Structure formats: structure tokens, C-alpha cells
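For reference, the structure discussed in these notes is given below.
The values are calculated or read from the model by the stated rules, or taken from the named source; none is laboratory data. Only a predicted model underlies this, so the values are computations on that prediction, with no experimental measurement involved. So basically every Cβ, Gly included, is an ideal-geometry build from the backbone, and we count neighbours across all protein chains shown. For the accessible areas, the whole protein counts, side chains as well, though only heavy atoms, and no ligand, DNA or RNA atoms are used. Shrake-Rupley method; radii C 1.70, N 1.55, O 1.52, S 1.80 Å.
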Amino acid sequence: MPYLGKEPRSPEFSTSAKTSAYTVVAVDDASTILCSAASADYAVALTAAATLGDGFTVTLKKSDATKFMITINPNSTETIDGLPDLKLRQEHASVTLICDGSNWHIVDHSNVEVPTNIAENSGFNVDQYGHITRTGVGDATELLQDRWRITPAGSASARWTYSQENNGGINGDSQWGKLLNTTADASPGSAEGQGFGQSVIGNTSIQLLGTDNKFENAVLSMDIIVHKGGSSSISLPAKIPLFFATIDGTQYQYAEDVSLAAVDTWYRVSIVVPEHASANLVPGIQRSCIFGIGLYGGSGVQETSGTWATGYEPYATGTSSNLADATGNYVGIANVVFQPGQIASPYQVRSYSEELARCRYFYERLIPNTASNQSIFQAYNVTSTVASGIFNYAHKRAAPTLTFTAGSTFEVRHQTTTTVCTAAAVSGSSDEDRCLCNFTVSSGLTGGQGCIIRRNDSDTTYVEVSAEL
């Protein structure tokens, strides 16, 4: 007669609960380990892959809601999909690992990625700086497109033309930033170099801190393309350094080469910036850290690829390609993601309006949108020669610097008359949200009357409001 009772449960599909450091052993094969970190970080070690054997599988889950992390540590130099460890940060974060007898691989994971993208204007869509001349750049720190800047080290002599391009990225549809070399520097001096990247304020960068308030982990990923000019000696695969550096409370830098097998081909690349026991990031509105790509650098600004060092100019490694070795070289990047954690998330497009709002926290260029005589805002005649008005703009990181076009590009029109007085000078005092503007004319205003500030027939009228880092 067949047995009709309930079959005993196989021990392979069991669960166990841990509240402190633990080592995964053979009996845990195919089981789920529930890890609670109620009051402190702790580690779960993996027994040597050769001991557990090919096909050994285990699932680890963070079962508590605290800020404390579970770190999964492979044995010795073994890795998890190339990572030296893997962290479970959030409640319900889980990962299933399988062993191949030598290393570990992720079969499945949940809540292990941290989808936040710290990079702003990461798709190169917003270009309020499109009015500036972007040829011959590289001799000074210069913003080339919203949130993106070129920064030189020493007396770097390479020069570039920057442009916002279309139809790039691995999907062929993305906008991208392009740096075309116009003055080569094939033999840079020891302290010379250049990088292209973005600064991050403290209030944003603190997402990268662990429970000890030190830098934890981050992933930098992007689409990238390189083109060789006719006389370039860049060898393939081209090696491009991606970098990160802390620059407020401490100064530490990390750079790691990514390899591009061919020129004129888009690649999706990423690096994992490992945690650092001393690097800290200070909350606030000041510049806290930077990330980007290195263009080239002499021996004094070269670091070992994949290694932390002191300082904050990681524009080259000892093995990276010199992208400035010949005119006609260019490098382009698109779809940038900079995020906490160890696993790169797919690039997610933000709307143009969201990107513009984020960029305007740092910089805004206000341009009347008609060719002539457009009213800008209402004002008040303080005297016969001075009209004052409040000029509002998007909330800024700090009290901004305002730059006006020449006074002659503005006009003051009385509300009660048709008299138009061409302004001779413009000045203002600002806070994070508004500016009190004074328009000074030679004569013709009536104190106590209202007026309108408008542009004249010039097409160059604008106001720049900058709280850039």
C-alpha cells in the first residue's frame, strides 16, 4: 500500500536565522540564511569555493529594517562576480549565490542595486552654456555644459573643442558630450593633466557614506567612445581611467582603467569604487567630491589603476591611454550613472524638465524670448535716475553671482508715460531665490512711479545667475 503521509522536508530547503558573524558551510547548501543586523554591521563569510564545490547554492537575506549592513565575504582572493565582497544594505535585500568551485556568481538578487543616480544632466540634455565659446578649452577649470567641466592640472597644454552631440550611446539615440583634441600634448610634464567630470555637493554625496560615516562603495558607469586622429599612437585596447575623489574633509582619489577593444565604437563600461576606511564626505552645500574620466596626465598625476591614493587629481593611471597625443582624437560619453552600492543599474532617462530643475539649482541663464522690447519685470522708480525691482529665479545652492549684459541692452519704461530711458548701468544684490536689481539711467524717471524693465532691440540681453561649485 503506498505511503500517504507527508514526506519529510529536505534539509536543503531550510532556513536559518543569524544575528552576528557567521560562516557559510556545507550544510547550508540550497538553504536561505536570514541575517538580522539590529545594532551593528557584521560579516557572513563563505567557506572556500573548492571546499563547498561546484553547484553549491545559498541565499542570504537582510531581514531587519535598520541602517546596518551585512557584508558577504568570499574566502581569500575569491570574488562574487569579480567583487571582493557584497553588501546587503536595505531590509529585504537578498542575493542567491552559486559556486563554480573557484569563485562565486550571482544567480538572482533583490534590493541589492541602489538605483539612485547622483549624476546630474547625466544624459547631456540640458545645455544652458550653449552660448559660450567652447573652443580652445583646457587651460583653466571651465564649465562646458550644465554640471560638466574640464579641469587641468599643472600647465597642461592640450586644448579641446567641446560640443553637445546627438545619436550616440550604445542605443544610437542618446545625446552625448564630445571633447575633440585641437592641440596635442604627447609628452606632458610630470604635473600636467586634464580631466572631464562633475562636482557633487555634500548634501548629495552623503548617500555614499556607510554606517561609520566613511565612504562605502559606489558604481560609476557610462557609455563611452574614442576616436583616434591620424597621427595618434593610442594602442588597442584603449584604456580610459574613470575616477572618483573626495575633496572636502579628506582628500583621497581612486582611478581605474576601462578597456575599449576598438575605436569608433560605443561601449557600456563601469567601475566599482571600493570602500575606504578614512575617506569622509561632509554634509552641506559645498563641493564634496568629483567623478569623471581622465583625458591624460604626466607621471606626477598618475595613479595605479584600481588603487586608492591621496590627493584629488586622478586624471591618469600608469597604464591609461593619452587621449591628447594627437589632434583629431576625441572622446565622448553618454548616459552616465553614479550611484551608491556595488552593482551598476541600467541607465534611466530623466525628463528634460527634471534635469533642467536640477541644473538650475546651480546655474540659470535667463534670456527674453523675443527679439525686441519684451517686458522682463515690473519695477519702481526710486529716484529720477534709479529704478529698482525684484528679480526672481529658481532656488539656488547659495546666494548666486549675477552677471548682466550691458546696461544699454535694458530699457526702463514708465507705466504712465511712453518715455523710454535706456539704462546706463545695472547692479543687484541677491539671495538664494531673488535679486534686488537697480537700473541706473542718466535722467528722465519720476520718483515714486511704477515702471517696467524690458529689453531693447539688442539680441544679447540676458542675465546669468550662477551658484556653481
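Near C421: Cβ cut-off under 9 Å, other residues only, Lys/Arg at +1 and Asp/Glu at -1. The net charge is 0. Coupling constants for the range 387-392 follow from the phi torsions by the Karplus curve (6.51 cos²θ - 1.76 cosθ + 1.60, θ = phi - 60°), and in residue order they are 10, 10, x, 8, 10, 9 Hz; glycine and proline get x. Only protein heavy atoms count here; on that basis, with a 1.4 Å probe, Y330 has an accessible area of about 50 Å². Close amide H contacts of N73 (hydrogens built in the peptide plane, cut-off under 5 Å, sequence separation of 5 or more or a different chain): V44, A45, L46. Taking amide H positions as modeled 1.01 Å from N, with prolines and chain starts lacking one, the residues under 5 Å from T79 and 5 or more places away or on another chain are W104. Solvent-accessible surface of protein heavy atoms, probed at 1.4 angstrom with all chains present, puts I293, I170 in the order I170, I293, largest first. As a check on your grasp of the helix formula, calculate [θ] at 222 nm for the chain: sum -39500 (n - 2.57) over DSSP H runs of n ≥ 4, divide by the residue count, round to the nearest 500. About -1000 deg cm²/dmol. Close amide-amide hydrogen proximity is noted between K18 and L34, C35, S36, each under 5 Å apart and 5 or more residues distant or on a separate chain (H modeled in the peptide plane; Pro and chain starts excluded). A simple rule links phi to the HN-Hα coupling: the Karplus curve 6.51 cos²θ - 1.76 cosθ + 1.60 with θ = phi - 60°, which for the range 350-358 gives 8, 5, 4, 5, 5, 4, 4, 4, 5 Hz, with x for Gly and Pro.
State whether the range 236-336 is rounded, prolate or oblate according to the following rule on the C-alpha gyration tensor (a ≥ b ≥ c being the square roots of its eigenvalues): a/c under 1.5 gives rounded; otherwise a/b larger than b/c gives prolate, and the remaining case gives oblate.
Numbers: a/c = 2.03, a/b = 1.77, b/c = 1.14.
Taking the square roots of the gyration eigenvalues as a ≥ b ≥ c, the range 236-336 is prolate.
Dividing the Cα radius of gyration of the range 282-391 by its Kirkwood radius returns 1.15 for Rg/Rh.
Electrostatic tally near V107: other residues with Cβ closer than 13 Å to its Cβ, Lys and Arg +1, Asp and Glu -1, net -3.
Loop-only GluC sites (Glu not before Pro) in the range 165-230, please: DSSP not H, G, I, E or B, and at most 16 other Cβ atoms within 10 Å.
none
Measuring spread by the Cα atoms of the range 100-228 yields a radius of gyration and Dmax of 18.4, 58 Å.
In order along the range 248-254, phi translates into HN-Hα couplings of 9, x, 9, 10, 10, 10, 9 Hz, rounded to whole numbers, per the Karplus curve 6.51 cos²θ - 1.76 cosθ + 1.60 with θ = phi - 60° and x for Gly and Pro. Computing Rg/Rh (Cα atoms, Kirkwood Rh) for the structure here picks out one of (1) 1.11; (2) 1.02; (3) 0.99, namely (1). In the complete set of protein chains, residue-level accessible area for V301 is approximately 10 Å², probe 1.4 angstrom.
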